[in-house]
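Before any comments, here is the structure.
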Amino acid sequence: MLLFSKKTRPVSIAIIVSLFADLFISNGLLKFLFARPRPCAIETGVTMLQACPTSFSFPSGHTAVSFTVLGVLIASREFKIALAALPVALLIAFSRLWLFAHFPTDVLGGVVVGLALGYGTWHLLLLIPAFRRFWNEANEGKALTQA
């Protein structure tokens, strides 16, 4: 939906770019850097609803993805959409704990990494003159500060 509206198309592009950054940083770098086993791999006596994932636990990738999107929405001042996305992101974060797939610190790490990547990607993209022009044209010259 965001991609089809002229006003939010730059936000959609920023979300896509930030999700690729999240894929590389969260799942490609941080998981292997910390190499933390999942709670279900440590506490094997717990009955799982699904098989215990074999990848590392920190940070929670699902949580990082949902909060990356939220970070872009906040940074781009799409507050109404961000407010609608917040409960979804929180439910995703809670589900990772409830499913015994992550420790609370894994989920917290996913929140921090996701928000930082989303917010940071948006502001890095604004440094590119073509993207900034694209944003200004889509928003009919609406003033945008980079702070």
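The values are calculated or read from the model by the stated rules, or taken from the named source; none is laboratory data. Please read all numbers here as calculations on a predicted model, not as lab measurements. Every residue, glycine as well, gets a Cβ built from its backbone with ideal geometry; the counts of neighbours run over all protein chains shown.
Some observations on this one:
For (1) within 26 Å of Asn139 (Cα to Cα); (2) of a type in the set (D, E, K, R), each residue gets a yes or a no:
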| position | (1), (2) |
| --- | --- |
| Asn27 | no, no |
| Leu33 | no, no |
| Glu43 | no, yes |
| Ala82 | yes, no |
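- Tally of residues being hydrophobic (A, V, I, L, M, F, W, C), surrounded by fewer than 18 Cβ atoms within 10 Å (Cβ to Cβ) and in a helix (DSSP H, G or I) across the range 117-137: 4
- A residue that is in contact with a Lys or Arg (Cβ under 8 Å, 6 or more places away or on another chain), in a loop (DSSP other than H, G, I, E, B) and surrounded by fewer than 18 Cβ atoms within 10 Å (Cβ to Cβ) occurs nowhere in the range 74-89.
- Residues of the range 26-66 that are crowded, with 19+ Cβ neighbours inside 10 Å and either among the small types (Gly, Ala, Ser) or part of a loop (DSSP other than H, G, I, E, B) (or both): Ser26, Arg36, Arg38, Phe56, Ser57, Phe58, Pro59, Ser60, Gly61, Ala64, Ser66.
- Taking the range 95-108 as the range and being part of a helix (DSSP H, G or I) and touching a helix residue (DSSP H, G or I) at 6+ places or on another chain (Cβ under 8 Å) as the test, the residues that pass are Ser95, Arg96, Leu97, Pro104, Asp106, Val107.
- Some residue of the range 89-108 being of a type in the set (D, E, K, R) and over 28 Å from Leu127 (Cβ atoms): yes
- Scanning the range 34-63 for residues that are of a type outside the set (Gly, Ala, Ser) and touching a Lys or Arg at 6+ places or on another chain (Cβ under 8 Å) yields Cys52, Pro53, Phe56, Phe58, Pro59, His62, Thr63.
- Any hit, the range 7-24, residues being in a loop (DSSP other than H, G, I, E, B), modelled with pLDDT of 85 or more and either among the β-branched types (Val, Ile, Thr) or in contact with a helix residue (DSSP H, G or I) (Cβ under 8 Å, 6 or more places away or on another chain) (or both): no
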